[in-house]
Amino acid sequence: MKAIFLSASLLLGASAFAQSNDVLAANNNETKKTEETAPMPIKAQELKVSLKNGSERKVAVYVGPKKDVFSGKGEALGGLSLNTYYLVPGDIICIMDDPKTIHACSILKEGTTKVEINSSGNGFIK
């Protein structure tokens with residue numbers, strides 16, 4: 001009788017343990033499905049852009065997001081230099097007269113790989 005009672009207890013305990021694992025597994029699968037179906041943010045395609053200064057003189061430029069054009073984060077490109085930037089579509093390259101005055105701008109589009117400043121240093125070659 002004790003053997004039957006012991007066997008029945010073990011069987012019921014194992015069955016309850018198996019059911020709790022099944023519930024945990026089901027909950028984990030639901031969590032994974034929720035994580036898998038959540039939309040991933042889309043990152044803009046990065047562009048590798050070559051910026052050539054076709055002028056023999058230094059040219060002040062701003063390169064980056066349009067909203068920061070007047071932030072004073074410009075730089076001077078050496079005469080007849082070739083520079084590489086990693087940007088996203090919608091970013092701009094502007095020739096600046098001073099940190100608060102734009103002379104000319106080029107808005108980068110998807111697929112842009114090269115931008116060239118003309119020999120006068122006051123505009124872009126198309």
## Note on the structure
Residues whose modelled amide H sits under 5 Å from the amide H of K58, counting only those 5 or more places away in sequence or on another chain, are G79
### Query
Which of the residue pairs K52/K100; K52/K126; K48/K100 have a Cα-Cα distance greater than 21 Å in the structure shown?
K52/K100; K48/K100
### Query
Which percent of the accessible area of the stretch 48-126 is formed by carbon and sulfur heavy atoms (probe 1.4 angstrom)?
51 percent
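The values are calculated or read from the model by the stated rules, or taken from the named source; none is laboratory data. Predicted model, so just to flag it, every value in this text is computed and none were measured. These area figures cover heavy atoms from the full protein model, side chains too; ligands, DNA and RNA do not enter into them. Shrake-Rupley method; radii C 1.70, N 1.55, O 1.52, S 1.80 Å.
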